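Asks: The following block contains the structure, expressed as structure tokens.
The values are calculated or read from the model by the stated rules, or taken from the named source; none is laboratory data. Keep in mind that this is a model prediction, so the values were computed, not measured. Quick reminder, even Gly has a Cβ in these numbers, built from the backbone with ideal geometry, and neighbours come from all protein chains shown.
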Amino acid sequence: MDNKLTLPVIVAATGGSLWANRAAGNTAPQSTPYVLPISPDAISTTDPKGPVPSAHTNETGTLTFDKFVYDSREVTPGTFFVALPGEVTDGHNFVKEAVARGATGCLVRQDWAGQQPSLDPAVAWVVVAETLAAFQKLTAYWRNLFPDLTVIGVTGSVGKTSTKELMAAVLGQRFQVFKTPKSVNTEQSILPVLLKLQDSDQVAVVEMGAGYELGELRRLCGVAQPRIGVVLNVSHSHIGRLGSLENIALNKSELVQSLPAASAGGVAVLNGDDFRVKAMAAQTPARVFYYGFDPSFELYASDVEGLGLDGIRFKAHYQGQTRPLTLPLLGRHSVYTALAAIAVGLLCGMDWPEIEQGLNDRGAQVRLVLLPGLNGSTIIDDSYNASAVSTVAALELLKDVKLSPTGRKLAVLGDMLELGDFEQEAHFQVGRKAAEVVDHFIVVGPLATMAGEEALHQGLAPEKIVFAGSKVEAIEWLQANLQPGDYLLIKASRGSRLEEIVEKVRAVS
């Protein structure tokens with residue numbers, strides 16, 4: 001039986017008013033403010049039979065909702081639409097579209113509502129001074145209904161999604177786990193996700209991206225209330241927004257600053273090999289748990305061996321115990337992913353057999369995807385996103401791949417974005433690494449061209465580098481040149497959309 005939010009509780013939790021329809025020409029706002037105690041008793045727990053829209057009327061005649069969105073394209077009949085401000089546009093510009101798609105409740109700003117000649121009487125209009133703050137209040141109220149829930153926040157410049165997925169796989173061996181989907185990790189996008197929490201959830205793994213402005217992670221923690229905070233690394237991702245590595249570190253440190261005290265069970269899980277992350281120990285009231293490669297850390301790894309596409313092998317050390325592990329995680333950098341997941345499992349009281357079972361869940365590998373390519377080749381699809389750190393790591397994986405006698409190693413690189421002043425050096429780093437690893441290097445985009453030029457400077461033969469003028473040109477070269485046994489890595493920032501290349505060079509079954 002799922003808990004659902006009733007309209008009176010939504011009004012009360014947001015601190016808003018319920019406005020009735022206003023006819024054209026009537027300038028006096030007609031509002032019905034609700035002042036209700038916020039308590040679990042106010043939540044409807046109806047369990048309707050059969051398919052129903054997201055909003056319905058419970059047995060007491062109160063409208064309830066179980067789907068909240070701020071993208072009008074995601075509205076289905078009965079949805080509650082939240083008009084949020086955005087970088088490019090304002091959600092209030094899409095209220096009409098949301099209602100047309102079937103929204104039966106809307107959270108809107110008071111100044112916008114006051115300017116409307118009329119409000120659809122079939123819609124519940126919850127009116128507030130500022131919609132994002134109100135939506136945060138609503139989500140915080142919902143989160144507070146689950147005091148026994150252990151929330152684990154995961155942040156870092158790279159590897160958040162992979163780590164979150166592996167943590168969820170490990171914790172799922174013992175607990176009912178709630179996790180944020182895909183790469184949902186921003187201050188706004190997490191809110192409707194957290195409104196799906198239910199009594200059955202025991203542990204929640206929440207990816208926390210931030211990277212836009214200082215303070216956003218602190219606000220998000222105020223809603224999600226993590227007890228365990230995991231900081232993976234600090235690198236140049238989003239430096240174009242935050243301006244410096246110091247600001248990125250300050251941004252990520254807001255997670256550990258927001259944790260409960262050690263006496264209240266708070267734990268900051270820190271990658272001790274990253275000196276900026278390690279320094280966050282001085283900024284948290286929580287207990288500190290270091291992981292990495294240093295034997296002084298509470299959890300550390302040794303004897304790492306990359307097995308190419310067969311995974312990784314290493315030894316994990318904890319409290320005098322040594323556990324040899326062979327895992328289906330791609331790339332040596334995945335040792336850090338595994339250590340973070342192991343740390344959280346241990347902190348949640350799990351034993352090693354349970355943890356190892358979760359670590360071996362092949363479904364937790366979300367970033368690097370192996371696909372059959374044209375002419376008997378294999379594609380390593382990592383086109384989802386890119387930074388210098390993650391791209392060099394992907395090239396390391398390609399380096400570890402064991403080829404057939406006729407096989408070659410190829411890489412397609414697109415532009416890496418949002419790197420600010422580090423933009424040139426990032427592409428140079430990738431070019432230098434590519435020169436060590438690949439037999440052919442195809443670069444697409446003006447920034448990626450710098451990587452190709454650096455690879456040339458490092459001694460990669462000119463005939464081994466393709467400076468593609470477009471994705472179409474890159475596709476045509478690959479279609480003409482891929483051969484049996486080749487391994488092709490494709491990687492770029494999301495904005496480069498290199499998945500279009502993946503689709504054109506993968507084998508069609």
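One line per residue, one yes/no per condition, for (1) assigned by TED's automatic domain parsing to the domain that holds L329; (2) touching a His at 6+ places or on another chain (Cβ under 7 Å); (3) within 20 Å of L368 (Cα to Cα):
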site: S404; (1), (2), (3): no, no, no
site: R432; (1), (2), (3): no, no, no
site: F441; (1), (2), (3): no, no, yes
site: A451; (1), (2), (3): no, yes, no
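Asks: Let me ask something additional. Out of G420, G459, G414, report the one residue that is in contact (Cβ under 8 Å) with a residue 12 or more places away in the chain, on the phi > 0 side of the Ramachandran plot and under 26 Å from the mean Cα position of the chain (by Cα). Walk me through it before giving the result.
Replies: Working: G459 fails: under 26 Å from the mean Cα position of the chain (by Cα); G414 fails: on the phi > 0 side of the Ramachandran plot.
Going through G420, G459, G414 in turn, the sole match is G420.
Asks: Another question about this same structure. Which one of A386, A393, A434, A411 is in contact with a Lys or Arg (Cβ under 9 Å, 6 or more places away or on another chain), among the small types (G, A, S) and modelled with pLDDT of 95 or more?
Replies: Details: A386 fails: modelled with pLDDT of 95 or more; A393 fails: modelled with pLDDT of 95 or more; A434 fails: in contact with a Lys or Arg (Cβ under 9 Å, 6 or more places away or on another chain).
None of the others qualify; the one that does is A411.
Asks: Just the residues that are under 20 Å from the mean Cα position of the chain (by Cα) and of a type in the set (S, T, N, Q), please, taken from region 248-300.
Replies: N251, S253, S258, N271
Asks: Would you pick out the residues in region 291-309 that are under 30 Å from P372 (Cα atoms) and of a type in the set (F, W, Y)? So that I can check it myself, show each step before the final result.
Replies: Pass one, region 291-309, residues under 30 Å from P372 (Cα atoms): 304-309.
Across region 291-309, there are no qualifying residues.
Asks: Any idea how many residues of region 99-145 are among the polar types (S, T, N, Q) and out of contact with any Lys or Arg (no Cβ under 9 Å at 6 or more places or on another chain)? Lay out the reasoning, then the answer.
Replies: Our first condition is that a residue be among the polar types (S, T, N, Q); within region 99-145, this holds for 104, 110, 115-116, 118, 131, 136, 139, 144.
Narrowing further to those that are out of contact with any Lys or Arg (no Cβ under 9 Å at 6 or more places or on another chain): 104, 110, 115, 139, 144.
Summing the residues that are among the polar types (S, T, N, Q) and out of contact with any Lys or Arg (no Cβ under 9 Å at 6 or more places or on another chain) in region 99-145 gives 5.
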